[in-house]
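Peer 1: Handing you a structure now.
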Amino acid sequence: MNENIFLNAGWHERSLKAERNFLQKDVARNVNDFLQRYWKGENIRGLYIQGKPSAGKTMLSSLIAQWIYKEKKIIPYFRTAYELRSESLNDEGFRALLKYPLLFIDDFGIETGTAFSQFTQYQIIDTRLTRYLPTFFTSNVNVDNLEKRLQWRIREMCSILTI
């Protein structure tokens with residue numbers, strides 16, 4: 001395995017070169033360290049990528065997902081936080097969120113939603129936490145500003161990365 005898998009990832013070098021300007025070196029180093037541990041099977045945690053709007057959080061999570069797919073052959077399951085809050089989430093979709101090996105949730109924590117959707121979010125997060133399933137979040141909301149129950153769970157299941 002390449003010792004600098006994220007910073008020098010040849011298989012997606014074109015897309016990374018285009019985005020390299022938005023990546024701060026410490027962020028790239030943190031992601032590289034995370035992927036190194038993931039590659040070795042040491043890391044079963046996800047990432048909570050927080051930052052201002054348009055900071056590149058979704059792009060970064062997409063690059064991570066591409067790398068994991070390329071190297072581990074695990075297909076990522078992407079959902080927006082809005083989709084998790086939707087009362088129209090059917091049983092099959094809900095069950096997939098609970099057991100899919102790799103889940104990415106974009107724009108988490110922006111709005112609270114209804115009591116039903118909050119319950120659904122907690123159930124998804126709790127289940128994935130107890131099953132040690134990697135979950136990746138992007139959010140404009142600092143983890144410290146989330147509700148206390150969510151803060152604890154997310155800190156338990158994710159490394160926090162600010163960009």
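Peer 1: Going highest first, how would you order 98-105, 136-143 by mean Cβ packing within 10 Å?
Peer 2: 136-143, 98-105
Peer 1: Given the pairs Lys52/Lys73; Lys72/Lys148; Lys73/Lys99; Lys40/Lys70; Lys52/Lys72, which are separated by over 23 angstrom at their Cα positions?
Peer 2: From Lys52/Lys73; Lys72/Lys148; Lys73/Lys99; Lys40/Lys70; Lys52/Lys72, over 23 Å: Lys52/Lys73; Lys72/Lys148; Lys52/Lys72.
Peer 1: Just order 30-38, 149-157 by mean Cβ neighbour count inside 10 Å, highest at the front, would you?
Peer 2: So the peptides 30-38, 149-157, ranked by packing, come out 30-38, 149-157.
Bear in mind these aren't lab numbers, they're just calculated from the coordinates by the rules spelled out. As the structure is a prediction and not an experimental result, all values here were calculated from the model. Here Cβ is always computed from backbone atoms with ideal geometry, including for glycine, and neighbour counts include all displayed protein chains.
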